[in-house]
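The block underneath contains the structure these notes are about, expressed in structure tokens.
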Ligand code: FPP
């Protein structure tokens, strides 16, 4: 198990994204309802956010609710929304104390009104913080985001604000809901599943992927440090050769 002292602070990823998975299975393992897993998942959210701030990560994005999650039983969706509202509300003073800025990506307008309002309130109350940006992906899916970006660009072409030949990576990225947020260098998924599940498909083009068997409520600070350490031992080549990378460094 890695400790904070094992981390090389000069080789940190600027942005870490996490697919928090396995709350339901964790609850089942403990003979409880699924929501018990989500409730305990909040403690891991707190712990990992603290760990990221402690080592000096600048952006942490958490996949908290996908577009597809709306298809879960109504009881679970309601309970998750309730948990989000109460957690966001409760955590604002701690976020401010630790200089953490809250942000959110996704189809936020599709959230229940109280959840949307609580979120906007917390985003505005933490907007001046500069240590770590915590991005919650809520009612988010990458395919939704990409289609939405295409529509925005088509609209600009239609209004003659840009021509088709102007469309490049920069314009495309500026219409994604992650505009202004650097791409994650590291993507972590818990619970043993090895898939991306419609998360940041454009943004993870060059991300390192890290999968762990641990269920999200069992994922603690040391597990996060393990993932960072694993990242630090990888060679990122971006299409170049190993020899070229060694000369550059
Ligand atoms: C995936 O586990 C987890 C979710 C869909 C929700 C994550 C939510 C939280 C950790 C709580 C609230 C978060 C914040 C940011 C306040 P799963 O239910 O898919 O687990 P399973 O695959 O074992 O069924």
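Computed from the coordinates by the stated procedures, all read-outs in this text should not be read as laboratory data. Quick caveat, the model's predicted, so the values are computed rather than measured. Cβ sites come from the backbone with ideal geometry, for glycine too, and all protein chains shown count toward neighbours.
In percent, how large is the relative contact order of the chain, given Cα pairs closer than 8 Å and 6 or more residues apart?
Working: 374 pairs, mean separation 74.0, N = 249.
Relative contact order, the chain: 30 percent.
Write down the Kirkwood hydrodynamic radius of segment 84-123, to one decimal in angstroms, obtained as one divided by the mean of 1/r over all alpha carbon pairs.
10.5 Å
Which of the peptides 207-219, 61-73, 225-237 is most tightly packed, and how do the rest follow, going by the mean number of other Cβ atoms within 10 Å of each residue?
Most protected by this proxy first, the peptides run 207-219, 61-73, 225-237.
Direction-averaged shadow area of the convex hull around the Cα atoms of segment 1-136, nm²?
Over all viewing directions, segment 1-136 projects a mean Cα-hull area of 9.0 nm².
Please work out the Cα convex hull volume for the chain and give it in Å³ per residue. Don't jump to the answer; show the numbers that get you there.
Numbers: hull volume 36.9 nm³, N = 249.
Normalising the Cα hull of the chain by residue number yields 148 Å³.
Order 122-130, 20-28 from most to least packed using the mean count of other Cβ atoms within 10 Å.
The packing order, highest mean first, is 20-28, 122-130.
Could you sort the peptides 137-143, 4-10 by per-residue average Cβ neighbour count (10 Å cutoff), highest mean leading?
137-143, 4-10
Given the -39500 (n - 2.57) contribution per DSSP H run of 4+ residues, what per-residue ellipticity at 222 nm results for the chain, rounded to the nearest 500 deg cm²/dmol?
Values: 8 runs with 109 residues, N = 249.
One gets -14000 deg cm²/dmol as the mean residue ellipticity at 222 nm.
Counting other C-beta atoms within 10 Å, which of 136, 201 has the fewest, and how do the rest follow?
By the 10 Å Cβ count, ascending: 201, 136.
For segment 9-88, just the Cα set please: Rg and Dmax, both in angstrom.
Considering segment 9-88 through its Cα atoms, Rg and Dmax are 14.3, 46 Å.
What percentages, rounded to whole numbers, describe P(r) for segment 170-249 computed over all alpha carbon pairs with 5 Å bin width beginning at zero?
Per 5 Å bin, starting at 0, the Cα pair percentages come out as 3, 12, 19, 19, 19, 15, 10, 3, 0.
Given labels modelled 7 Å from the Cα in the Cβ direction, how far is it in nm from residue 152 to residue 107?
Modelled inter-label distance: 1.6 nm.
Per the Cauchy relation, a quarter of the hull surface: what is the mean projected area of the convex hull of the alpha carbons in segment 63-155, in nm²?
6.7 nm²
Determine, for 38, 30, the number of other Cβ atoms within 10 Å of each Cβ, and report the residues in order from fewest to most.
Placing the least packed residue first, the sequence is 30, 38.
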